[in-house]
1. Could you list all residues from the stretch A:507-551 that are of a type in the set (A, V, I, L, M, F, W, C), within 14 Å of another protein chain (Cβ to nearest Cβ) and touching a residue at least 24 places away in the same chain (Cβ under 8 Å)?
2. Sort out for me the helices (runs of 4 or more DSSP H) sitting completely within the stretch A:87-164 that have 1 or more residues that are within 14 Å of chain B (Cβ to nearest Cβ).
3. Does residue A:197 fit the bill of being surrounded by fewer than 20 Cβ atoms within 10 Å (Cβ to Cβ), under 30 Å from residue A:382 (Cα atoms), away from chain B (no Cβ under 14 Å) and among the β-branched types (Val, Ile, Thr)?
4. In the stretch A:407-416, is there at least one residue being surrounded by 24 or more Cβ atoms within 10 Å (Cβ to Cβ), within 15 Å of the chain's Cα centre (by Cα), modelled with pLDDT of 90 or more and not hydroxyl-bearing (Ser, Thr, Tyr)?
5. So, in the stretch B:44-84, exactly how many residues are over 29 Å from residue A:102 (Cβ atoms) and crowded, with 17+ Cβ neighbours inside 10 Å?
6. Can you tell me which condition residue A:331 does not meet? The list is (1) in contact with a helix residue (DSSP H, G or I) (Cβ under 7 Å, 6 or more places away or on another chain); (2) more than 21 Å from residue A:138 (Cα to Cα), and all the others hold.
7. Which of the helices (runs of 4 or more DSSP H) contained wholly in the stretch B:17-102 include at least 3 residues that are within 7 Å of chain A (Cβ to nearest Cβ), modelled with pLDDT of 95 or more and farther than 25 Å from residue A:256 by Cβ?
8. Among the residues of the stretch B:51-98, count how many are acidic (Asp, Glu) and over 23 Å from residue A:117 (Cβ atoms).
Amino acid sequence: MKQLVYFLLLGAWSINVSAAEVITGSDAGASLNIAAVVMFLLFVSATLGVTYWAAQRTHSAADYYSAGGGITGFQNGLAIAGDYMSAASFLGISGLVFMSGYDGLIYSIGFLIGWPLILFLIAERLRNLGRYTFADVASYRLGQLPIRTLSAFGSLAVVALYLIAQMVGAGKLIQILFGLPYELAVVLVGVLMVLYVTFGGMLATTWVQIIKAVLLLSGATFMAFMVLKNVGFDINELFTQAIAVHPKGSEIMAPGGLVSDPVSAISLGVALIFGTAGLPHILMRFFTVADAKQARRSVFFATGFIGYFYILTFIIGFGAIVLVSTNPAFLNATGLLLGGNNMAAVHLSAAVGGDLFLGFISAVAFATILAVVAGLTLAGASAISHDLYASVIKKGEVSGPMEMRVSRIATVALGVMAILLGILFEKQNIAFMVGLAFAIAASANFPILLLSMYWKNLTTRGAFIGGFAGLMTAVVLVILGPIVWVDIFGFADAIFPYKYPALFSVAVAFIGIWFFSITDRSPEAQQARDLFEHQYIRSQTGIGAHGANDH
Amino acid sequence: MSADLYEQVKRDPLFAKLTQSRTRWAWALSALILLMYFAFILLIAFAPSVLAKPIAAGSVITVGIPIGVIIILLAFVLTGVYVHKANTHFDALNQKIKDNLQ
């Protein structure tokens, strides 16, 4: 605990120094920054307290990876919603609504629609078959070495891309909100996430996420309420005022240019739906509940919270059009939003709740990033320690404490990597990273996971070759596509015309898995097919599943 | 130990009933969600003007807005339908199967 105390002091010192810089630097941001810093320190103290509490309760590997299976469905639903309501989706979607109105709603629906499918097809079976990581399920009856290795690398690729994107986003956001230097912000996020994960494991990671989800939902509810109050709770009046002041006029009430052609539209839909069901940090949350029933309840609550949140961001985006875009205090000399369109929700918080509420929302935005990166780091560390170290290298012959130690070392290594790459990528265009993470999750992780649970004839060879082909197709098509080939490499035309390759790479994965499975005549393939029946019975009934206590 | 249990479960007619019923519900609800979502996406791609019509003469609210909100609400309601069905019907069947083992 010495480190925690030391860190608190260090953190408080560094924030005070930069707050002082802000005060001397520009008086415009001085007073509101202090409110934000105080609220943020409150959040950090509370979450470090939670981490201390969780550390006392984290003894075994099961505690560490899955909070001992003791999280309830309601709590887990909040935590899943929290993982999903990242700073990118809060600020990004409200910013998108602010900029183009209805298109923001289309995006929200795409992000939400995967959840019912996860419930109907995956959640219960996942809980009944798995223990700590989704690779447990994928390799249940297949060759441990190849499938665990592929799944672990699929997880690590998704985690690394997502983590770097979050770190760069965090650094820039905190720079604007708190006036902290970019590097310091990245280091602060990295150190805090390592503390949560190494000391408090899954229990702390989950509770940090729950606290943040409640804060974010409360803050967004208050903002939407104030926006509606401002128009006398007449939604028609809100839209009328927005149309009157928005440069696009009544176009903001209808689909705009976001979804231009059907192939792009469907490909984006495939990436969002299947990608969500292949994100390792989301899938691991299903192992923190006691049984399949709680896993179901988790998705029910998560879908409710996420849906409610997206409706709020829609109102917040329109509120920002009416209250922020008309107020010169939030605009620069050319009439654009200070800090860019993604700051719409942040400025709106000042407009409806003054400096104190602006401080609250800024602190919540920071907290959001912290909670999401902590979950990502734990998912990455689990892939290294549970899948690669314990299952592949040590073939399961390893003690719980040893596995936990490896996981903690992996957490610190991931933290250092995230900080360094976060700083390295500061000036880079990282927009492709989240898209690529979703594409890999949809094309490598999801097809293997789904077919391992549903298709009897799946074999190790088929899963490995097909999954690997899906992974490579996703990576190559993203590089040849407009985001990397044109925006980053500077070529005039993209070789692959679509931004989202998921439709093609997912098809490659499924066809590859199918073909190399049915043509597999090895004795191992027959064994994998024979084992399907028992796996099926366990996935349906939960008989033989790891329970809350016998983890 | 587990292998014997699984052989017993396999022979239990209730197990076939459980899996058939659950499979039917899961795929029917999934098909409904996918149909709804891709119909919405294709409408945006091919006939966005349908969504741009006002819901009533003189209103600024377009058809697209209630449709979008309804999709979000339906996603939640359908998860509720499945969870209710599973908590009552499937879990009761599952418990009977487990009880038959003792």
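The values are calculated or read from the model by the stated rules, or taken from the named source; none is laboratory data. Because the structure is predicted, anything quoted here is derived from the model rather than measured. Note that we place each Cβ from the backbone using ideal geometry, even for glycine, and neighbour counts take in every protein chain shown.
1. Hits for the stretch A:507-551 are A:531, A:532, A:545.
2. A:87-100, A:102-112, A:114-117, A:124-129
3. In short, no.
4. Taking every residue of the stretch A:407-416 in turn, none turns out to be surrounded by 24 or more Cβ atoms within 10 Å (Cβ to Cβ), within 15 Å of the chain's Cα centre (by Cα), modelled with pLDDT of 90 or more and not hydroxyl-bearing (Ser, Thr, Tyr).
5. Qualifying residue count for the region: 2.
6. Residue A:331 satisfies all of (1) in contact with a helix residue (DSSP H, G or I) (Cβ under 7 Å, 6 or more places away or on another chain); (2) more than 21 Å from residue A:138 (Cα to Cα) except (1).
7. Once the helices (runs of 4 or more DSSP H) in the stretch B:17-102 are filtered for at least 3 residues that are within 7 Å of chain A (Cβ to nearest Cβ), modelled with pLDDT of 95 or more and farther than 25 Å from residue A:256 by Cβ, what remains is B:64-85.
8. Residues meeting the conditions: 0.
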